[in-house]
Structures are given as structure tokens and as C-alpha cells.
């Protein structure tokens, strides 16, 4: 029996969730959302205090997910990896403290809770990028029409995305009210909690050894950009090259290191060509491969971290807190979640950004044919950085080693105090337990069908030649008798049908024919329920009967 004080965390966990995304060439991509998700689960299992962690995944992904979790170097003694098809039984039998998803879309879990659980529990999602036009439908609208409660939460890692998520939700509500006369609203809540890093991973790495490993000069002041290489959804690094050129003309002992992986095809080569045209190739080094494996060396080898992001896709800034954890002063655009991370004049400098009101003319295709990338680029190219301040802040740090050391130290102390996973995970648990307490004040009430519930039989019942019902007579075939005698598991049950077709129900159905040549489907179902010792739903028993008919183990009699 589950104890009253038992804390059980559950999460949808596709087996590929913890695998790094790949480009068309097979090279690893760097997405802050992927890094944050992987590190979140690792930190949760390292520092979390829940009694059990239930991860639901697809049947064919069980082995892969276990392998992925083991690679995170965390103990799995409190972990249960459960096939998705068993989720219905677990939702029915377990009182979950929380069900978590790494997406802001709560509608799928709300759908499952409504259909299968007799108890209420909080559902929490986590935002990353929310600027894609399709998310207005697939996330914000979906959450409004789902059975979401006031104790369900979308967690936002920064004040910027917290406000943006609320604005987008209101935008959808206003649009439906204005254009359709419908009153729609998101009934859940938004909460703000940061992401984190394992600060210990970024300490005790010798700078000279790191530079030697990366082939960097020892006597240079190195400015580092590390992250995704894309003008579509990250940053216009041409501005960084232009600013660095002016600095390099004044300072001979300064180098620029650009590290990352392309998500915009050809962008790395474009940057190399621009650097060559500017005549700064000798002062700029590019590292495009093995970035994640060499990440800690790259930070350790550098003196100043820079991130001039200008894109609405950015929400937090994982590389910012990684750089601070490595003791680097930061020069970053005063934009999005960066404003929560960098303390201006203390841990680094925030470069002012400028924008103006523009909208419809830049979004004339609204994401059609994947044009969200172009739209993000159009908007990003309308965001301006104060380039004079940008260069000034970099020069202040270049000219003042003591200031670099002071700001770098302040940044690391800030990470240890506020962004180390040891400090962050307890904040998540505190929120989850608060939401769980709120959920106890609500009753499940009348069970309603979820919106967009697919009734495939209703929609497609005109497809077959004949509809079988409880009065239809069926009998066993030679193949069915052979199975009864051999008890050999049909290969069809393994793999994709695991958790859907059960050998004991197959055996129960076929056993009816040990004493009867044929029988009505309803009679066979009653016998199978008695044989197993529990009542089978019509859907489950009919599914097994139809599968046996499909495989030729039973037949329809006249």
C-alpha cells in the first residue's frame, strides 16, 4: 500500500528526450532547452527527496531510456521505468504527488488525468522557447480547452518568459473573444523558477592546460562566445566580429574564440568568411566540433564571456550561468532572461537593446511551410544593440585584470547561491508540494469527456464489411488449438504490442473453447473475466478477440 506521506513524481519521458539532437550530417546540436532538460532530470535524481520517480516511455524505448539515465551517473534505486500502455493502471492505482512534463503543453496530461485517474494531482510543465506561431494553437489554445485546474502550473525560468507566456495566453483569449465571441481562458497558473547548473563541474580546471589542449595562445586575453550558431534563432554574430575588429586594432593581446554548433546551415562558414574579409582571421579561432565534450575546457581557457543575443526565441541563458560558474565576467545583451542572470556592474555588463513596434508585415505567412525561422530572423534584425556600450564594456574588462577577476568571482558566488542545482531543486519541490496541497481542496466531480477525444469507431464505422457485436458467434481454429497446446508466446505480442495484448487474456478467451465449439462474443467475454478473476472492460476484451480473429486463431461462425 502507498503510504500517506509517500511522495511520488511522475513524468512523460520519451526515450530520445535525453539524447542530444543531431544535424543532418549527424553532428550534435546545441540547444539550451535540451541541455537544461537533461541537466534538470539528472539534478532531480541527485538532489530530489521524492520516494519514487516514475518515468513513462514507449515500449521500444525502455532499454534506451534506462541507458540514457545511467549515462547521467545517477542512482536508479528510486526510479521505475514504465511502458506508456500501463499508464492507465498506474493513474488508477497510484496517488501521484505531481506529474511533470518538460513542455508547457499541459493538455495531454490533463486529458489522461481526466480519463483514468480517480484522484486529482498537480500537472506541471516547463517553458523553454515559446515564440513559435504554432504554439498559439498547440500550447496556449490547447491548455485553455483542457481540464486544467488552478493547482496546475506552467513554470517559467525567467521574468521575461513569465511575462511573455502570460501575454501570449491573453492574446489567444482576446483573439477568440474578439473574432469568435468565445470566452476562453487558461485556468492554471504561471510560476517562476530558474534553471540551474552543477557549479562544481566548472571549477578546478587549470587555464594553461585548457589552452594547451585547445591549441590557444597562453598570453592572450580571450573573449569567448559559446552557444548555438544561428542568426535565425540565437544571435547575429556579425556584430560581434565587427566590434572585435575595432577592439583588435587597439589591443594586440586580445583574441576571440567562437565555439558552438551550427543549427543554421552554413552559418559557421559565413562567419569565417566575414572574419577573413575583415582581416582578423589570425585573431579569431572557431571551434565547431566536440563543443559539448570540451565545454568545460573552453570556459576554463577564456577570460571574458560575451553573448549579444537578439532573438525572441531566447528565454533564459544557460551559457550565461555556465560562464559565471566558470568564474568569467559576462558582457551580454540586456534582453530576455539575461536580465535575471547578469547583475550589471557586479557580475558583468548588460548592453542596452532597442526595438520598435512592428508586427503584421513581418508575419505575413504566419509560420507556413516552416517560415518561423525567417520570421524570427526578420524580428531579430530589427533589434539593435548599443554597439558603443558593447565595445566600451569589453574594453573595460580587457584593460582591467582586477575587474575581470572581481566580476568573475562575484558571478561564481551568485551561481553557487542562486543557480546551483542543489539550491534550485528544493525550490521546485517546495512549489510541487504547495500545489499538491492545493489539489486536496478540489474534488474530481463529474467525469467529463476530454475535448478532442478521438472516437475512431464513430468516425470510421462505415469502413468495414461487417460490425461484430456481443451476439456474434465465434469459434476456435486449428491455429488457436495449437497455441492452447503449445502455450508458445506469439511473436506479435513482443515489442510494439507489449502492454496492449496480454497473454493471459488470450489464453482465457481461447480456453472457453475447450468445452464449447462456438459461442457468442458476450459469453466468451464473461468466461474470460471469470477465468482471470477480474472484470474486463468491453474495449479490452473485444480488442483481444479481434486480435485473435486477425491472427487466425478464432473465426466468425455462421
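Quick one: in the range 449-481, which of the residues that are surrounded by 11 or more Cβ atoms within 10 Å (Cβ to Cβ) and at pLDDT below 90 is nearest to residue 517 (Cα to Cα)?
Pass one, the range 449-481, residues surrounded by 11 or more Cβ atoms within 10 Å (Cβ to Cβ): 449-451, 468, 470, 472-477, 479-481.
Remaining after also requiring at pLDDT below 90: 449-451.
On the way: 449: 40, 450: 42, 451: 44 Å.
Once the filter is applied, the top-ranked residue is 449.
Consider residue 216 carefully, then state whether it is assigned by TED's automatic domain parsing to the domain that holds residue 324, buried (at least 16 other Cβ atoms within 10 Å of the Cβ) and over 21 Å from the mean Cα position of the chain (by Cα).
yes
Considering only residues that are in contact (Cβ under 8 Å) with a residue 40 or more places away in the chain and not in a loop (DSSP other than H, G, I, E, B), which ones fall in the range 165-190?
Of everything in the range 165-190, just one residue is in contact (Cβ under 8 Å) with a residue 40 or more places away in the chain and not in a loop (DSSP other than H, G, I, E, B), namely 165.
Can you pull out every residue in the range 118-159 that is free of Cβ contacts under 8 Å to residues at least 40 places away in the same chain and farther than 23 Å from residue 196 by Cα?
If the condition is that a residue be free of Cβ contacts under 8 Å to residues at least 40 places away in the same chain and farther than 23 Å from residue 196 by Cα, then 135, 136, 137, 138, 139, 142 are the ones that fit.
Mind listing whichever residues of the range 328-347 are under 15 Å from residue 397 (Cβ atoms) and either surrounded by 24 or more Cβ atoms within 10 Å (Cβ to Cβ) or in the same structural domain as residue 160 (by TED's automatic domain parsing) (or both)?
Selection gives 328, 329, 330, 331, 332, 342, 347.
Please specify each residue of the range 4-26 satisfying the condition of being assigned to a loop (DSSP other than H, G, I, E, B), farther than 13 Å from residue 50 by Cα and at pLDDT 80 or above.
13
Which residue, of 395, 435, is at pLDDT 95 or above and within 30 Å of residue 356 (Cα to Cα)?
After ruling out the rest, the residue left standing is 395.
For the range 232-310, give me every one of the helices (runs of 4 or more DSSP H) that falls completely inside it and has 3 or more residues that are under 27 Å from residue 353 (Cα atoms), in contact with a helix residue (DSSP H, G or I) (Cβ under 7 Å, 6 or more places away or on another chain) and modelled with pLDDT of 95 or more.
237-250, 267-278
Can you tell me which of 499, 445 is closer than 30 Å to residue 541 by Cα, within 26 Å of the chain's Cα centre (by Cα) and at pLDDT below 80?
None of the others qualify; the one that does is 499.
Looking at 99, 140, which one is modelled with pLDDT of 95 or more, farther than 21 Å from residue 318 by Cβ and assigned to a helix (DSSP H, G or I)?
140
The values are calculated or read from the model by the stated rules, or taken from the named source; none is laboratory data. Everything quoted here is computed from the prediction, not taken from an experiment. Every residue, glycine among them, receives a Cβ derived from its backbone with ideal geometry; neighbour counts consider all protein chains shown.
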